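See below for the structure under consideration.
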Amino acid sequence: MRLFLAVRLSPEICRTLLAAQEALRRQGARGSFSRPENFHVTLAFLGETENERGARNAMDAACNGGAFPLELSGVGNFGQLRWVGVRSGGRLEELALRLQDALRAQGFALEERPFRPHITLVRRLSVPCPPLSDLPHTAMTVDAVSLMRSERIRGVLTYTELWRKKL
């Protein structure tokens, strides 16, 4: 299974992200747009593994800091990937680091690159387009972390929540 840990997003944030995607389309952007049900913030990518139990154990060990606010903050690119940033006063970053430490203790080999929380709007952006204007202020409360499976079902990238741990 291809697994990752993520924060799933509120309907209000998803509506704001959908509006941002529509704005990009109106500007002529082409690429692989994220499906609304796939919007999330990745906390740790586990890759191909059958160690679902180890991931759950890590979540049990690390998800203990309580709920916190998260808001959309800015738009940017990683090459051909357009994303929306998030801000949490450092709480999301702290949670990601606790999870990564707990996952390593369970034997997972994780990427060493710095954690840069973002939400993917479009991959393989093939037509340059002007930057999005500021997004409307949209916030939510992060109160859980989800263990997610990534797979292609009939050619469609699909994320399925396998387990959810309350903060």
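Structural remarks
- Flag set for residue 72, criterion: assigned to a strand (DSSP E or B), at pLDDT 95 or above, surrounded by 15 or more Cβ atoms within 10 Å (Cβ to Cβ) and within 13 Å of the chain's Cα centre (by Cα).
- Enumeration of residues in region 75-100 that are surrounded by 15 or more Cβ atoms within 10 Å (Cβ to Cβ) and over 16 Å from the mean Cα position of the chain (by Cα): 98
- Flag if residue 78 is within 26 Å of residue 139 (Cα to Cα), in contact with a Leu (Cβ under 8 Å, 6 or more places away or on another chain) and of a type in the set (Phe, Trp, Tyr): no
- Test result for residue 99, within 21 Å of residue 37 (Cβ to Cβ) and modelled with pLDDT of 95 or more: no
- Residues being touching a Cys at 6+ places or on another chain (Cβ under 9 Å), touching a residue at least 40 places away in the same chain (Cβ under 8 Å) and part of a helix (DSSP H, G or I) - total across region 35-49: 1
Residue-by-condition table, conditions (1) surrounded by fewer than 16 Cβ atoms within 10 Å (Cβ to Cβ); (2) under 30 Å from residue 104 (Cβ atoms); (3) at pLDDT 95 or above:
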position: 5; (1), (2), (3): no, yes, yes
position: 15; (1), (2), (3): yes, no, yes
position: 20; (1), (2), (3): no, no, no
position: 49; (1), (2), (3): yes, yes, yes
position: 62; (1), (2), (3): no, yes, yes
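The values are calculated or read from the model by the stated rules, or taken from the named source; none is laboratory data. What you see is a predicted model, and the numbers here were worked out from it, not measured in a lab. Every residue, glycine as well, gets a Cβ built from its backbone with ideal geometry; the counts of neighbours run over all protein chains shown.
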